[in-house]
Amino acid sequence: MFPLATVTLTSNGGISFSNIPQTFTHLQIRYSAKTVHVGSFDEVYIRFNSDFTAGNYVSHILQASGSTIASTVQGISPTLNYMLNGDCPTTVQNAALFGAGVIDIFNYSSSTRTKTVRSYSGVDANGSGFESIRTNLWTQTAAITEIQFSGVQQFMATGSTATLYGLYASNATGA
Amino acid sequence: MPILPLSGAASSKGALVPISRVKVLTSSSYFTNIPQIYRDLRVIVNGASGQTNGMDTLAMWFNEDYVNTNWSQTNMIGNGSSNSSTRVSNAAFLSNLGPVPSAITPPNTTGTYIIDVFNYSSTDRWKTFIVRSANDLNGWGTVQMTTGLWRSTAGINRLNVYPFNGLNGTQLWSSATVSLYGVRAANQ
(Lines give C-alpha, C1' and ligand atoms only; values in the text may rest on other atoms or scores of the structure.)
Protein backbone atom coordinates (compact mmCIF):
# COMPACT_ATOMS: atom_id res chain seq x y z
CA MET A 1 0.00 0.00 0.00
CA PHE A 2 1.65 3.17 -1.25
CA PRO A 3 0.46 6.77 -0.89
CA LEU A 4 0.14 8.33 -4.34
CA ALA A 5 -1.30 11.76 -3.61
CA THR A 6 -2.85 13.72 -0.75
CA VAL A 7 -5.11 16.71 -1.25
CA THR A 8 -6.35 19.04 1.49
CA LEU A 9 -8.77 21.70 0.33
CA THR A 10 -7.86 25.29 1.12
CA SER A 11 -11.18 26.51 -0.27
CA ASN A 12 -14.54 24.88 -0.91
CA GLY A 13 -14.48 22.59 -3.93
CA GLY A 14 -13.85 19.10 -5.19
CA ILE A 15 -10.81 16.83 -5.22
CA SER A 16 -9.42 15.27 -8.39
CA PHE A 17 -6.75 12.62 -8.86
CA SER A 18 -5.51 12.37 -12.44
CA ASN A 19 -2.83 10.50 -14.38
CA ILE A 20 -3.24 7.56 -12.04
CA PRO A 21 -0.47 5.03 -12.77
CA GLN A 22 -1.67 1.66 -14.04
CA THR A 23 0.92 -0.32 -12.11
CA PHE A 24 -1.05 -1.32 -9.02
CA THR A 25 -3.74 -3.95 -8.50
CA HIS A 26 -6.19 -1.93 -6.41
CA LEU A 27 -6.69 1.65 -5.26
CA GLN A 28 -7.81 2.97 -1.89
CA ILE A 29 -9.01 6.41 -0.85
CA ARG A 30 -9.03 7.46 2.81
CA TYR A 31 -10.83 10.69 3.56
CA SER A 32 -11.83 13.13 6.28
CA ALA A 33 -14.46 15.47 4.89
CA LYS A 34 -17.49 17.68 5.20
CA THR A 35 -19.52 19.64 2.66
CA VAL A 36 -21.12 23.09 2.51
CA HIS A 37 -24.65 21.69 2.10
CA VAL A 38 -27.35 23.57 4.06
CA GLY A 39 -28.59 20.36 5.73
CA SER A 40 -26.87 18.67 8.65
CA PHE A 41 -25.51 15.70 6.69
CA ASP A 42 -24.41 14.96 3.15
CA GLU A 43 -22.72 12.16 1.23
CA VAL A 44 -19.53 11.98 -0.78
CA TYR A 45 -19.34 10.69 -4.33
CA ILE A 46 -16.67 9.58 -6.77
CA ARG A 47 -16.76 9.66 -10.56
CA PHE A 48 -14.30 7.91 -12.87
CA ASN A 49 -12.62 9.23 -16.03
CA SER A 50 -15.03 12.22 -16.19
CA ASP A 51 -17.80 9.83 -17.16
CA PHE A 52 -20.96 11.89 -16.66
CA THR A 53 -23.24 9.28 -18.23
CA ALA A 54 -26.32 8.83 -16.06
CA GLY A 55 -26.97 5.16 -15.43
CA ASN A 56 -23.34 4.07 -15.42
CA TYR A 57 -23.15 4.05 -11.61
CA VAL A 58 -25.10 1.95 -9.11
CA SER A 59 -24.77 1.86 -5.32
CA HIS A 60 -26.00 -0.69 -2.79
CA ILE A 61 -26.04 0.81 0.68
CA LEU A 62 -26.49 -0.54 4.21
CA GLN A 63 -26.84 2.51 6.43
CA ALA A 64 -27.44 2.88 10.18
CA SER A 65 -28.80 6.00 11.89
CA GLY A 66 -28.42 5.13 15.54
CA SER A 67 -31.95 3.74 15.74
CA THR A 68 -32.69 2.11 12.39
CA ILE A 69 -30.89 0.29 9.60
CA ALA A 70 -31.88 0.64 5.94
CA SER A 71 -30.73 -1.24 2.87
CA THR A 72 -31.18 0.66 -0.39
CA VAL A 73 -30.05 0.69 -4.00
CA GLN A 74 -29.30 4.04 -5.66
CA GLY A 75 -28.66 4.85 -9.29
CA ILE A 76 -31.39 2.74 -10.92
CA SER A 77 -34.32 5.16 -10.77
CA PRO A 78 -33.41 7.91 -10.92
CA THR A 79 -30.11 7.19 -12.62
CA LEU A 80 -26.94 8.82 -11.35
CA ASN A 81 -23.75 10.03 -13.02
CA TYR A 82 -21.66 9.33 -9.91
CA MET A 83 -21.47 6.67 -7.22
CA LEU A 84 -22.47 7.33 -3.61
CA ASN A 85 -19.51 6.40 -1.47
CA GLY A 86 -19.99 7.59 2.08
CA ASP A 87 -21.45 9.72 4.83
CA CYS A 88 -20.20 13.11 5.94
CA PRO A 89 -21.39 16.13 7.93
CA THR A 90 -21.74 19.68 6.66
CA THR A 91 -20.62 23.13 7.71
CA VAL A 92 -23.94 23.48 9.54
CA GLN A 93 -22.38 21.30 12.23
CA ASN A 94 -19.56 22.26 14.59
CA ALA A 95 -16.50 23.50 12.70
CA ALA A 96 -14.38 20.73 14.18
CA LEU A 97 -16.64 17.89 13.00
CA PHE A 98 -15.58 15.88 9.94
CA GLY A 99 -16.78 12.52 8.71
CA ALA A 100 -14.42 9.82 7.54
CA GLY A 101 -14.28 6.79 5.34
CA VAL A 102 -12.28 4.29 3.32
CA ILE A 103 -13.05 3.48 -0.34
CA ASP A 104 -11.50 0.45 -2.07
CA ILE A 105 -11.48 0.31 -5.87
CA PHE A 106 -10.73 -3.17 -7.13
CA ASN A 107 -8.82 -4.06 -10.30
CA TYR A 108 -8.98 -0.45 -11.42
CA SER A 109 -6.56 -0.93 -14.33
CA SER A 110 -8.38 -3.88 -15.85
CA SER A 111 -9.86 -3.27 -19.30
CA THR A 112 -11.98 -6.42 -19.32
CA ARG A 113 -14.22 -6.02 -16.29
CA THR A 114 -16.60 -3.49 -14.86
CA LYS A 115 -15.36 -1.83 -11.68
CA THR A 116 -16.51 -2.80 -8.20
CA VAL A 117 -15.99 -0.36 -5.36
CA ARG A 118 -16.48 -1.03 -1.64
CA SER A 119 -16.55 1.56 1.12
CA TYR A 120 -17.21 2.05 4.81
CA SER A 121 -17.78 5.45 6.31
CA GLY A 122 -19.42 7.34 9.11
CA VAL A 123 -20.06 10.54 10.98
CA ASP A 124 -21.12 10.72 14.60
CA ALA A 125 -22.29 14.14 15.83
CA ASN A 126 -22.94 13.26 19.49
CA GLY A 127 -26.65 12.55 19.30
CA SER A 128 -27.07 12.21 15.56
CA GLY A 129 -25.18 10.76 12.62
CA PHE A 130 -24.93 7.96 10.11
CA GLU A 131 -22.61 5.16 9.15
CA SER A 132 -22.71 2.83 6.19
CA ILE A 133 -21.10 0.08 4.20
CA ARG A 134 -21.49 0.25 0.44
CA THR A 135 -20.84 -1.71 -2.71
CA ASN A 136 -20.78 0.26 -5.94
CA LEU A 137 -20.57 -0.60 -9.62
CA TRP A 138 -19.22 1.44 -12.51
CA THR A 139 -20.59 -0.36 -15.55
CA GLN A 140 -17.62 0.52 -17.78
CA THR A 141 -14.58 -1.65 -18.49
CA ALA A 142 -12.15 1.19 -19.15
CA ALA A 143 -9.10 1.42 -16.92
CA ILE A 144 -9.48 4.16 -14.32
CA THR A 145 -7.07 7.02 -14.89
CA GLU A 146 -8.93 9.82 -13.13
CA ILE A 147 -11.10 10.08 -10.01
CA GLN A 148 -13.29 13.03 -9.06
CA PHE A 149 -14.28 13.15 -5.40
CA SER A 150 -16.74 15.63 -3.89
CA GLY A 151 -20.01 16.12 -2.01
CA VAL A 152 -23.34 15.01 -3.43
CA GLN A 153 -25.45 18.02 -2.45
CA GLN A 154 -22.67 20.59 -2.40
CA PHE A 155 -18.90 20.99 -2.70
CA MET A 156 -16.59 19.76 -0.01
CA ALA A 157 -15.60 22.33 2.57
CA THR A 158 -12.20 23.79 3.35
CA GLY A 159 -10.11 21.36 5.38
CA SER A 160 -11.52 18.25 3.73
CA THR A 161 -8.70 15.90 2.86
CA ALA A 162 -8.23 12.69 0.91
CA THR A 163 -5.29 10.43 0.17
CA LEU A 164 -5.12 8.02 -2.78
CA TYR A 165 -3.18 4.78 -2.27
CA GLY A 166 -2.06 2.08 -4.66
CA LEU A 167 -2.09 -1.54 -3.50
CA TYR A 168 0.09 -4.23 -5.02
CA ALA A 169 -0.95 -7.83 -5.35
CA SER A 170 1.31 -10.42 -3.80
CA ASN A 171 3.26 -12.47 -6.30
CA ALA A 172 3.21 -15.29 -3.77
CA THR A 173 -0.45 -15.40 -2.88
CA GLY A 174 -2.21 -13.25 -5.43
CA ALA A 175 -3.93 -11.47 -2.56
CA MET B 1 -4.13 16.52 -8.69
CA PRO B 2 -1.84 14.72 -11.15
CA ILE B 3 -0.10 11.71 -9.67
CA LEU B 4 3.68 12.00 -9.61
CA PRO B 5 5.84 9.20 -11.01
CA LEU B 6 6.40 6.41 -8.53
CA SER B 7 10.07 7.23 -8.36
CA GLY B 8 9.06 10.15 -6.14
CA ALA B 9 10.36 9.83 -2.60
CA ALA B 10 6.99 9.72 -0.90
CA SER B 11 5.38 7.10 -3.08
CA SER B 12 8.32 4.73 -2.74
CA LYS B 13 7.54 4.24 0.95
CA GLY B 14 4.81 1.92 2.20
CA ALA B 15 1.79 3.58 3.73
CA LEU B 16 1.15 1.22 6.64
CA VAL B 17 3.92 1.55 9.21
CA PRO B 18 4.06 -0.68 12.32
CA ILE B 19 4.51 1.49 15.41
CA SER B 20 4.15 -1.00 18.23
CA ARG B 21 2.78 -4.43 19.02
CA VAL B 22 1.91 -5.84 22.41
CA LYS B 23 1.09 -9.42 23.24
CA VAL B 24 -0.83 -9.43 26.49
CA LEU B 25 -2.07 -12.12 28.83
CA THR B 26 -3.59 -10.33 31.77
CA SER B 27 -1.96 -6.94 31.73
CA SER B 28 -3.30 -3.69 30.40
CA SER B 29 -2.93 -2.67 26.78
CA TYR B 30 -2.15 0.87 25.83
CA PHE B 31 0.20 2.84 23.62
CA THR B 32 1.98 5.98 24.73
CA ASN B 33 4.14 8.57 23.01
CA ILE B 34 2.43 7.92 19.69
CA PRO B 35 4.43 9.83 17.08
CA GLN B 36 2.55 12.68 15.42
CA ILE B 37 3.99 12.06 11.97
CA TYR B 38 1.31 9.99 10.23
CA ARG B 39 -2.11 10.82 8.80
CA ASP B 40 -4.21 8.02 10.34
CA LEU B 41 -3.81 5.29 12.93
CA ARG B 42 -4.92 1.68 12.60
CA VAL B 43 -5.23 -0.60 15.62
CA ILE B 44 -5.74 -4.33 15.14
CA VAL B 45 -6.88 -6.33 18.16
CA ASN B 46 -7.34 -10.08 18.32
CA GLY B 47 -8.19 -11.42 21.73
CA ALA B 48 -10.48 -12.69 24.46
CA SER B 49 -11.42 -11.20 27.81
CA GLY B 50 -10.31 -12.67 31.11
CA GLN B 51 -13.58 -12.06 32.90
CA THR B 52 -15.87 -15.02 33.62
CA ASN B 53 -19.43 -13.67 33.80
CA GLY B 54 -20.39 -13.61 30.14
CA MET B 55 -19.45 -11.83 26.96
CA ASP B 56 -17.34 -8.73 27.39
CA THR B 57 -17.13 -5.57 25.28
CA LEU B 58 -14.23 -3.55 23.91
CA ALA B 59 -13.52 -0.17 25.49
CA MET B 60 -11.22 2.58 24.25
CA TRP B 61 -10.15 6.12 25.07
CA PHE B 62 -7.46 8.57 24.02
CA ASN B 63 -5.05 10.77 25.97
CA GLU B 64 -6.40 9.50 29.32
CA ASP B 65 -9.66 11.34 28.71
CA TYR B 66 -12.24 9.17 30.49
CA VAL B 67 -14.00 11.77 32.64
CA ASN B 68 -15.15 14.62 30.42
CA THR B 69 -18.10 13.07 28.53
CA ASN B 70 -16.41 13.87 25.24
CA TRP B 71 -17.36 10.61 23.59
CA SER B 72 -20.18 9.36 21.38
CA GLN B 73 -20.81 6.49 18.99
CA THR B 74 -23.22 5.14 16.38
CA ASN B 75 -23.48 1.36 16.01
CA MET B 76 -24.66 -1.06 13.33
CA ILE B 77 -25.00 -4.61 14.65
CA GLY B 78 -25.89 -8.01 13.21
CA ASN B 79 -26.07 -11.26 15.18
CA GLY B 80 -26.94 -13.88 12.58
CA SER B 81 -30.69 -13.47 12.84
CA SER B 82 -31.44 -9.79 13.34
CA ASN B 83 -29.89 -6.37 13.03
CA SER B 84 -30.05 -3.18 15.05
CA SER B 85 -28.59 0.30 15.30
CA THR B 86 -27.87 2.02 18.60
CA ARG B 87 -26.26 5.23 19.80
CA VAL B 88 -24.33 6.51 22.81
CA SER B 89 -23.89 10.23 23.49
CA ASN B 90 -21.91 12.28 26.01
CA ALA B 91 -20.05 9.28 27.39
CA ALA B 92 -16.95 9.45 29.58
CA PHE B 93 -15.36 6.92 27.24
CA LEU B 94 -16.65 4.29 24.84
CA SER B 95 -17.27 0.95 26.50
CA ASN B 96 -18.86 -1.07 23.69
CA LEU B 97 -16.95 -1.08 20.43
CA GLY B 98 -17.92 -4.70 19.87
CA PRO B 99 -18.46 -7.89 21.85
CA VAL B 100 -15.37 -9.66 23.21
CA PRO B 101 -15.45 -13.42 23.82
CA SER B 102 -14.56 -14.48 27.36
CA ALA B 103 -14.12 -17.59 29.47
CA ILE B 104 -17.70 -18.75 28.92
CA THR B 105 -17.27 -19.04 25.17
CA PRO B 106 -15.72 -22.00 23.34
CA PRO B 107 -12.04 -22.45 24.24
CA ASN B 108 -9.53 -20.40 22.32
CA THR B 109 -12.23 -18.28 20.72
CA THR B 110 -11.24 -14.69 20.07
CA GLY B 111 -12.76 -11.60 18.58
CA THR B 112 -11.20 -9.33 15.97
CA TYR B 113 -11.31 -5.53 15.94
CA ILE B 114 -9.92 -3.16 13.31
CA ILE B 115 -9.93 0.45 14.43
CA ASP B 116 -9.25 3.31 11.98
CA VAL B 117 -8.56 6.66 13.64
CA PHE B 118 -8.62 9.40 11.01
CA ASN B 119 -6.41 12.51 11.16
CA TYR B 120 -5.34 11.56 14.68
CA SER B 121 -2.60 14.18 14.89
CA SER B 122 -4.70 17.05 13.56
CA THR B 123 -5.37 19.93 15.93
CA ASP B 124 -8.17 21.50 13.87
CA ARG B 125 -10.80 18.78 14.16
CA TRP B 126 -12.51 16.39 16.51
CA LYS B 127 -11.44 12.79 16.04
CA THR B 128 -13.66 10.45 14.08
CA PHE B 129 -12.87 6.75 14.13
CA ILE B 130 -14.47 3.62 12.70
CA VAL B 131 -14.33 0.21 14.39
CA ARG B 132 -15.16 -2.98 12.53
CA SER B 133 -15.49 -5.96 14.85
CA ALA B 134 -16.52 -9.58 14.56
CA ASN B 135 -16.66 -12.80 16.47
CA ASP B 136 -18.11 -16.13 15.49
CA LEU B 137 -18.73 -18.69 18.23
CA ASN B 138 -19.88 -21.56 16.04
CA GLY B 139 -23.60 -20.98 16.14
CA TRP B 140 -23.76 -17.48 17.53
CA GLY B 141 -21.75 -14.36 17.19
CA THR B 142 -21.82 -10.72 16.19
CA VAL B 143 -20.60 -8.35 13.53
CA GLN B 144 -20.56 -4.69 14.46
CA MET B 145 -19.47 -1.45 12.88
CA THR B 146 -19.12 1.61 15.08
CA THR B 147 -18.45 5.19 14.10
CA GLY B 148 -17.07 7.03 17.12
CA LEU B 149 -16.33 10.63 17.94
CA TRP B 150 -13.94 12.14 20.48
CA ARG B 151 -14.81 15.80 20.82
CA SER B 152 -11.30 17.08 21.26
CA THR B 153 -8.96 18.79 18.81
CA ALA B 154 -5.85 17.55 20.64
CA GLY B 155 -3.47 15.30 18.78
CA ILE B 156 -3.75 11.70 20.00
CA ASN B 157 -0.57 10.64 21.78
CA ARG B 158 -1.96 7.85 23.95
CA LEU B 159 -4.49 5.14 23.20
CA ASN B 160 -5.97 2.66 25.68
CA VAL B 161 -7.94 -0.38 24.55
CA TYR B 162 -9.43 -2.87 27.04
CA PRO B 163 -12.12 -5.48 27.55
CA PHE B 164 -14.58 -3.37 29.54
CA ASN B 165 -15.75 -5.85 32.18
CA GLY B 166 -12.26 -7.17 32.61
CA LEU B 167 -11.29 -3.62 33.44
CA ASN B 168 -13.54 -3.78 36.49
CA GLY B 169 -12.32 -7.20 37.54
CA THR B 170 -9.00 -8.71 38.35
CA GLN B 171 -8.06 -9.75 34.87
CA LEU B 172 -8.22 -7.84 31.60
CA TRP B 173 -7.35 -10.08 28.68
CA SER B 174 -7.06 -13.85 28.81
CA SER B 175 -5.01 -13.55 25.66
CA ALA B 176 -4.64 -10.89 23.04
CA THR B 177 -2.40 -9.26 20.51
CA VAL B 178 -2.82 -5.55 19.97
CA SER B 179 -0.97 -3.86 17.10
CA LEU B 180 -0.71 -0.17 16.30
CA TYR B 181 0.11 1.13 12.83
CA GLY B 182 0.58 4.56 11.36
CA VAL B 183 -0.93 5.26 7.95
CA ARG B 184 1.24 7.60 5.96
CA ALA B 185 -0.14 10.25 3.61
CA ALA B 186 1.62 11.12 0.36
CA ASN B 187 3.44 14.07 1.88
CA GLN B 188 4.72 12.18 4.94
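A few remarks follow.
- Pairwise burial A:B, computed as accessible area of each alone minus the pair, summed, 1.4 Å, Å²: 3800
- Surrounding net charge for residue A:25, when Lys and Arg each add one and Asp and Glu each subtract one, Cβ distance under 14 Å: +1
- Candidates A:59, A:67, A:77: whichever shows maximal mean-square fluctuation once chain A is modelled as a Gaussian network with Cα springs under 10 Å: A:67
- Percent carbon-and-sulfur accessible area, the range A:89-175, ignoring ligands, DNA and RNA, probe 1.4 Å: 52
- Anisotropy class of chain A from Cα gyration tensor, a/c 1.5 cut: prolate
- Here is how the number arises for the protein assembly as shown: DSSP H runs of 4 or more residues each give -39500 (n - 2.57), the sum is divided by the residue count, and the result at 222 nm is -500 deg cm²/dmol.
- Residue B:134-residue A:118 pseudo-label distance in nm [points 7 Å out on the Cα-to-Cβ vector]: 0.8
- Shielding score for B:115-128, defined as the mean number of other chain Cβ atoms within 10 Å: 5
- Residue among B:137, B:97, B:41 with the largest mean-square fluctuation in a Gaussian network model of chain B, springs linking Cα atoms under 10 Å: B:137
- Anisotropy class of the range A:27-79 from Cα gyration tensor, a/c 1.5 cut: oblate
- With the charge dipole of the protein assembly as shown set up from +1 on Lys and Arg Cβ and -1 on Asp and Glu Cβ about the Cα centre, the Cα lying farthest toward the positive end among the listed residues A:111, A:41, B:147 is that of A:111.
- Cα gyration tensor, the range B:13-75 - rounded (a/c under 1.5), prolate or oblate: oblate
- Of A:100, A:70, A:54, the one that fluctuates the most in a GNM where chain A has Cα springs shorter than 10 Å: A:70
The values are calculated or read from the model by the stated rules, or taken from the named source; none is laboratory data. Predicted model, so just to flag it, every value in this text is computed and none were measured. All Cβ positions, even for glycine, are placed from backbone atoms using ideal geometry, and neighbour counts span all protein chains on display. Protein only, heavy atoms only, side chains kept; ligands, DNA and RNA dropped before computing areas. Shrake-Rupley method; radii C 1.70, N 1.55, O 1.52, S 1.80 Å.
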